[in-house]
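Here's the structure, in structure tokens; my notes come after.
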Amino acid sequence: MNKLIILFCGLVISFTDSYCQQKFSNKDSKADINILFIGNSLTYTNNLPELVKKSAKLQGVEINSKMIAFPNYAIIDHWKDGEVQKLIASKKYDFVIIQQGPSSQINGRNMLIEYGKKYSSICELNNTKLCYFMVWPSLNYYQTFDGVIKNHKDAASINNSILLPVGKVWKDYFDKTDDFHYYGSDGFHPSLEGSKIAAKVIVEYLFLD
């Protein structure tokens with residue numbers, strides 16, 4: 001099987017042909033893209049969906065979005081509420097982007113995988129594609145960053161989902177520059193610049209080749 005190699009922010013990422021066709025088919029089939037964002041304060045801080053919309057528009061992609069995000073929520077909490085299942089079942093959305101906390105430890109990893117499978121299954125039934133928004137640890141727990149990255153990568157791979165590696169892009173920048181201004185004043189939530197970088201990564205991995 002042939003592979004496509006993409007160079008982004010100094011990273012080389014390879015995708016199989018079938019993965020790329022699956023990833024980009026929604027964009028090619030309709031003018032407007034509908035995205036459902038599911039998360040917590042790491043998503044609603046600085047209104048990430050609006051930043052994604054603006055970033056995509058610069059690339060000629062029009063986005064409509066809906067955000068379901070509450071403080072301290074994990075994907076299990078949203079699932080238990082039941083609202084996200086109804087929204088996905090409406091068949092309105094091309095992409096469903098899920099986000100929870102750093103998830104560097106075993107409980108977070110298991111949740112990403114086990115509940116990610118539930119989201120992936122309902123997305124598949126309703127002709128949408130699940131995406132994992134990889135986040136970052138707080139500065140106080142920076143040493144757990146590699147675990148955050150690995151667990152998100154594994155969950156996305158296991159559940160045949162798109163990985164949006166925002167955390168990896170952040171860490172590469174930090175390691176190269178020793179400049180942590182993507183973090184906000186509390187050392188955890190993103191600054192506006194950090195959210196803008198997140199939006200650019202999301203647009204890059206969903207729509208650009």
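Just a few scattered comments:
- Taking a sphere under 12 Å around the Cβ of residue 118 and counting the other residues whose Cβ falls inside, with K and R at +1 and D and E at -1, yields a net charge of 0.
- Long-range HN-HN contacts of residue 130 with modeled amide H, under 5 Å: 96, 162
- Here the extension length gained between residue 121 and residue 192 equals 22.2 nm, from 0.36 nm per residue of separation less the Cα-Cα distance.
- C-alpha center-to-center spacing [the range 91-121, the range 122-159] in angstrom: 7
- Considering only beta bridges that DSSP places wholly inside the range 91-209, some 10 percent are antiparallel.
- Within the range 134-204, the chymotrypsin sites (Phe, Trp or Tyr not before Pro) that combine a DSSP coil assignment with at most 14 other C-beta atoms in a 10 angstrom radius are 180.
- Over all pairs of different C-alpha atoms in the range 61-209, the reciprocal of the mean inverse distance, the Kirkwood hydrodynamic radius, equals 15.8 Å.
- Computed from the C-beta positions of residue 91 and residue 41, the FRET efficiency with R₀ = 41 Å rounds to 0.90.
- Averaged per residue, the range 147-209 has 41 square angstrom of accessible surface, using a 1.4 angstrom probe with ligands and nucleic acids left out.
The values are calculated or read from the model by the stated rules, or taken from the named source; none is laboratory data. What you see is a predicted model; the values in this text were computed from it and never measured. All Cβ positions, glycine included, derive from the backbone under ideal geometry; neighbour counts span all protein chains shown. Surface accessibility is based on the protein's heavy atoms, side chains included, excluding ligands, DNA and RNA. Shrake-Rupley method; radii C 1.70, N 1.55, O 1.52, S 1.80 Å.
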